[in-house]
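Here the structure comes first, spelled out in structure tokens, and everything after it is commentary.
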Amino acid sequence: QTSETIVVVLSQPRFQCASYNINPNGHHSIKHRISAAATSITSINQPTKIKIMSSGGGADPWAWLGLLKWSLSYSDGTSNTKATPMSDEDKAFLEQVMKEGIIDENERMKFILKQLTDAVEFYQHEQSSSQPASDSKEPPIEDNDLEELLLELRDIVEQIDYARAFMSIKGLPFLLGCIEERQAVPRPIRSACLGLIATLCQNNSPVQKELLELGALKVLSDLYFSEDPATSLSSKEQGNDEENIDSKSNINTNAMKPKYMQALSSIVRSHELAENVLDNLEQTVALFVDGLNPSTATDGLKRRALFFLRAYVTSDSATAERVRKLAAPIGIVADYYLEESTVTPAELREMSLSLLQQILEQKKSVDVILQRKTALVGLGVQRIAAMRKLTGDDKEYATVELEAWEGLIQQLARANPDEAEPAAGR
């Protein structure tokens, strides 16, 4: 049920080129006549051709590249046609068509950043202004529109080359600055900036390194602990905090903490230097303990914190010292994330079992798990017995967790305590 865009080229001494939109109901309407004035194209004595240049989701900007190739070298073998050079006018026309049909992502990035800078200047003026709200200037762009532009920018920088181009125009310091302005910049805009950082860092070592040099780990982790119901809102959002509190559990459900955790995770994962920096960060343990807190963390925050912890503690560069340092959050996972309950989704249980299994397999430091060996084996036996009694879809749904429990119990049976570290001077 999607439309198709076709390019119709009439191969005659004088031809017109038009883009037609074919909708699902079969009604053909001219969307845009590209060239009613292109009357000097070299005569090609060939029958009319209709080519489908793209289908679904609107016009393909690369369609005009195909048109240029066809114009330069078309021949279907029906007759021997002598190729003749295109005139400068014809070349200029086709180049213009291609230019208008292809989006320059770099220019688009600059445009979006310009919109963002204008908006941030407005936010800054609003915060420092002593004028009453009724006398305030109109914003250069509505917050909702700006949020949409930032989502578009996120889609652009998913491509690694554009992410590095974004870095080269100094977009990273600007994002961090927006995130730090908690009182002036609206929360949805700061949230979108955090999402951008997470996207920019994916498998992109130069971007990760640049953020390390900007001190992003310290900045974002400090801001993470600044987020609470009273301070996580911008000045214009104060007084409307009820929407961020779960009335049933009184849990702060604003989306900022999961966003911070996601951004921090993206900066650190698969980057040895970033992992070493996190090793020496004062609040590292507290960050994971808070993100995994079974009483106050939301499911979204728990998932991101657990994913981050598993990647960090089981990476190739992980050390026994790192595992021992993170004993508290690992202990929380072992104590609270394995039992079947309405507050522990199956996804979290499976991720938790995988984390414990990987720690045992690596054998860098296992004492934090072996201290709970009796309780883990007892719970594992109960869960395995219960899951083996399941039938139908329930049995299939529990397959991953069942195999994980069986694997964990086998690992626990084979595991040995950490070797005592040699005394100093020996």
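Scanning region 289-303 for residues that are under 21 Å from the mean Cα position of the chain (by Cα) and assigned to a helix (DSSP H, G or I) yields a total of 6.
How many residues does region 199-214 contain that are open to solvent by less than 10 Å² (accessible area, probe 1.4 Å) and within 11 Å of Arg164 (Cα to Cα)?
Looking only at region 199-214, we keep the residues that are open to solvent by less than 10 Å² (accessible area, probe 1.4 Å), and these are 200-201, 204, 207-208, 211.
Add one more test, that the residue is within 11 Å of Arg164 (Cα to Cα), and what stays is 200-201, 204, 207-208.
So the count comes out to 5.
Among the conditions (1) among the β-branched types (Val, Ile, Thr); (2) open to solvent by 30 Å² or more (accessible area, probe 1.4 Å); (3) farther than 18 Å from Tyr337 by Cβ, Ile267 misses just one, which is (2).
Could you tell me whether any residue of region 79-86 is over 31 Å from the mean Cα position of the chain (by Cα), assigned to a helix (DSSP H, G or I) and modelled with pLDDT under 75? No: region 79-86 contains no residue that is over 31 Å from the mean Cα position of the chain (by Cα), assigned to a helix (DSSP H, G or I) and modelled with pLDDT under 75.
Annotation: of all residues in region 328-381 being closer than 22 Å to Ala420 by Cβ and not in a helix (DSSP H, G or I), the one that is most open to solvent (accessible area, probe 1.4 Å) is Lys363.
For region 308-319, how many residues meet the condition of being part of a helix (DSSP H, G or I), farther than 11 Å from Leu356 by Cβ and open to solvent by less than 30 Å² (accessible area, probe 1.4 Å)?
3
Looking only at residues in region 304-333 that are of a type in the set (D, E, K, R) and farther than 22 Å from Leu376 by Cα, the one that is nearest to the chain's Cα centre (by Cα) is Arg304.
Just one of the listed residues (Ile179, Ile160, Ile141, Ile189) is under 20 Å from the mean Cα position of the chain (by Cα) and either over 21 Å from Val268 (Cα atoms) or free of Cβ contacts under 8 Å to residues at least 40 places away in the same chain (or both), and it is Ile189. Scanning region 376-389 for residues that are over 37 Å from the mean Cα position of the chain (by Cα) and over 15 Å from Ala413 (Cβ atoms) yields Gln382, Ala385, Ala386, Arg388, Lys389. Residues in region 297-307 that are surrounded by fewer than 22 Cβ atoms within 10 Å (Cβ to Cβ) and modelled with pLDDT of 95 or more: 2 in all.
State whether the residues of region 280-288 include one that is surrounded by 15 or more Cβ atoms within 10 Å (Cβ to Cβ), under 24 Å from the mean Cα position of the chain (by Cα) and without any contact (Cβ under 8 Å) to a residue 60 or more places away in the chain. For region 280-288, residues surrounded by 15 or more Cβ atoms within 10 Å (Cβ to Cβ), under 24 Å from the mean Cα position of the chain (by Cα) and without any contact (Cβ under 8 Å) to a residue 60 or more places away in the chain: present.
Among the numbered conditions (1) small (Gly, Ala, Ser); (2) within 25 Å of Leu223 (Cα to Cα); (3) open to solvent by less than 70 Å² (accessible area, probe 1.4 Å), the only one that Ala165 does not meet is (2). Applying a threshold of 6 Å to beta carbon distances and a minimum spacing of six or more residues, or different chains, the list of pairs starting in region 206-224 at a residue that is closer than 16 Å to Ser270 by Cα and β-branched (Val, Ile, Thr) and ending at one that is part of a helix (DSSP H, G or I) and modelled with pLDDT of 95 or more reads Val207/Leu200. Residues that are touching a Lys or Arg at 6+ places or on another chain (Cβ under 7 Å), of a type in the set (Val, Ile, Thr), assigned to a helix (DSSP H, G or I) and open to solvent by less than 20 Å² (accessible area, probe 1.4 Å): does region 179-194 have at least one? The answer is yes, given that some residue of region 179-194 is touching a Lys or Arg at 6+ places or on another chain (Cβ under 7 Å), of a type in the set (Val, Ile, Thr), assigned to a helix (DSSP H, G or I) and open to solvent by less than 20 Å² (accessible area, probe 1.4 Å). Looking at region 392-401, can you tell me whether even one residue there is of a type in the set (D, E, K, R) and open to solvent by less than 60 Å² (accessible area, probe 1.4 Å)? Within region 392-401, one or more residues are of a type in the set (D, E, K, R) and open to solvent by less than 60 Å² (accessible area, probe 1.4 Å).
Pairs meeting the criteria (first residue in region 401-422 and of a type in the set (D, E, K, R), second residue open to solvent by less than 30 Å² (accessible area, probe 1.4 Å) and not in a helix (DSSP H, G or I), beta carbons under 6 Å, at least 6 apart or on different chains) are Asp418/Ser365. Of the residues examined, Arg322 is not one that is basic (Lys, Arg), open to solvent by less than 50 Å² (accessible area, probe 1.4 Å), touching a Phe, Trp or Tyr at 6+ places or on another chain (Cβ under 7 Å) and not in a loop (DSSP other than H, G, I, E, B).
The values are calculated or read from the model by the stated rules, or taken from the named source; none is laboratory data. Quick caveat: nothing in here was measured; it's all calculated off a predicted structure. In this analysis, Cβ positions are derived from the backbone assuming ideal geometry, glycine residues included, and neighbour counts consider all displayed protein chains. Heads up: the accessible areas ignore ligands, DNA and RNA and are worked out on the full protein's heavy atoms, side chains in. Shrake-Rupley method; radii C 1.70, N 1.55, O 1.52, S 1.80 Å.
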